[in-house]
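Participant: One structure is given below, represented as structure tokens, and several questions about it will come after.
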Amino acid sequence: MIETKKLVKRFGLKTILRGVDFSVEPGEFVALLGPNGAGKTTFLRILASLSRPSLGSVKVAGYSLPNESAQVRAKLGVVSHMPLLYPDLTAEENLQFYARMYGLMDYQLRITKVLEMVGLEHRRKDLIRTFSRGMQQRLAIGRAVIHDPEVMLFDEPYTGLDQDASEMLDGVLRSVAAEGRTVVMTSHDLARAEDLATRFDILSRGVIAASAKRTDFKNTNLLDFYKKALTD
């Protein structure tokens, strides 16, 4: 569903990604972990067709980037710590806007289903500026899944959330993954990543330094695996 080969990204004389080989099977939930400055956000921006690679190849849902970016965007849902919602529109109106943007027809039933999934059906007529940070992030996930994408990218979606909001977001993420979507999420929260993901990739010094599936952790845990990947 996602594949990069020898992916390089440079900003001027600075090289952020140094030949990333990365592949994700349909239905996998991959936590992309690594220290600050490792290039996680840069990598997700390339997958989301928001930034062009300097070298290498990128495919998402069978389409190549950057040449087939429109087709890729139709298959993608992207959530970051910025919700990308219109504060003076209601929750329902925000979803209507994005449904129209994706060319959906007869979208009212889809909007109701999405609002129920993110636990906001009772706030559908309320303005976004009255929502808490956690509620906005839940609706941002609703925005990202309104067109039923095959692939979801989450870039630090828990940033700025309190414990209660984070726990609610856990449930929404599980619902998204349970529908069979392919998910890649960056996170600094190892405990949360270990609880949600089925695979863990460590991005360090511009490359994938280590990769393991949940089933590989029989005699170790994610924290030890993470520390070892950064020191090897």
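Read-outs: derived from the displayed coordinates by stated rules, not from any lab. All figures in this text were calculated on a predicted structure; none of them were measured in a lab. Glycine gets a Cβ as well: all are built from the backbone with ideal geometry, and neighbour counts include every protein chain shown.
Participant: For Asp126, which sequence-distant residues (separation of 5 or more, or a different chain) have an amide H within less than 5 Å of its own amide H, given hydrogens modelled in the peptide plane?
Facilitator: Ala91, Glu92
Participant: Just to check I understand the Karplus step: with θ = phi - 60° and J = 6.51 cos²θ - 1.76 cosθ + 1.60, what whole-Hz values come out for segment 198-210, glycine and proline as x?
Facilitator: 9, 8, 10, 10, 9, 9, 8, 6, x, 9, 6, 7, 6
Participant: With each label point set 7 Å from Cα along the Cα-Cβ vector, what nm distance links Ala191 and Ala210?
Facilitator: Rounded to a tenth, the inter-label distance reads 2.1 nm.
Participant: Turning to a different aspect of this structure: Taking amide hydrogens as modeled 1.01 Å from N in the peptide plane, which residues meet the under 5 Å criterion relative to Gly19, leaving out close sequence neighbours?
Facilitator: Leu7, Val8, Lys9
Participant: I'd like the FRET efficiency for Asp106 and Ser132, computed as 1/(1 + (r/R0)^6) with the beta carbon distance as r and R0 of 35 Å, rounded to 0.05.
Facilitator: Calculated transfer efficiency: 0.65.
Participant: Figure the gain on full extension for Asn221 and Asp148 (residue separation times 0.36 nm, minus the Cα-Cα span) and round it to one decimal in nm.
Facilitator: Extending this stretch completely gives an extra 22.9 nm.
Participant: Magnitude of the Cβ-charge dipole of the chain, K/R +1 and D/E -1, about the Cα centre, nearest 20 debye?
Facilitator: 880
Participant: Using only the Cα atoms of segment 53-164, build the gyration tensor, take square roots of its eigenvalues as a ≥ b ≥ c, and label the shape rounded, prolate or oblate: rounded if a/c is under 1.5, else prolate if a/b is larger than b/c, else oblate.
Facilitator: The shape class here is oblate.
Participant: Along segment 115-122, what does the Karplus equation 6.51 cos²θ - 1.76 cosθ + 1.60 (θ = phi - 60°) give for ³J(HN,Hα), rounded to whole Hz, x for Gly and Pro?
Facilitator: 4, 5, 4, 8, x, 10, 4, 6
Participant: Same structure, new question: Non-local amide H neighbours of Ala210 (under 5 Å, H modeled in plane, Pro and chain starts lacking H): which ones?
Facilitator: For Ala210, the qualifying residues are Ile202.
Participant: Segment 120-215: which trypsin sites (Lys or Arg not before Pro) are DSSP loop and have at most 11 other beta-carbon atoms within 10 angstrom?
Facilitator: Lys125
Participant: List, in order, the whole-Hz ³J(HN,Hα) value for each residue of segment 96-103 obtained from phi through the Karplus relation with A = 6.51, B = -1.76, C = 1.60 and θ = phi - 60°; use x for Gly and Pro.
Facilitator: For segment 96-103, the Karplus curve yields 4, 4, 6, 4, 5, 4, 8, x Hz.
Participant: Next up: For segment 22-72, what class follows from the C-alpha gyration tensor (a ≥ b ≥ c being the square roots of its eigenvalues): rounded when a/c is under 1.5, otherwise prolate if a/b is larger than b/c, else oblate?
Facilitator: Since a/c reaches 1.5 but b/c is at least a/b, the shape of segment 22-72 is classed as oblate.
Participant: Rounded, prolate or oblate: which fits segment 144-232 when a ≥ b ≥ c are the square roots of the eigenvalues of the alpha-carbon gyration tensor, with rounded for a/c under 1.5 and prolate only if a/b beats b/c?
Facilitator: Note, shape of segment 144-232 comes out prolate.
Participant: Run the quick spin-label model on His81 and Asn67: label points 7 Å from Cα toward the beta carbon, then report their separation in nm to one decimal.
Facilitator: Once both label points are built, they end up 3.7 nm from each other.
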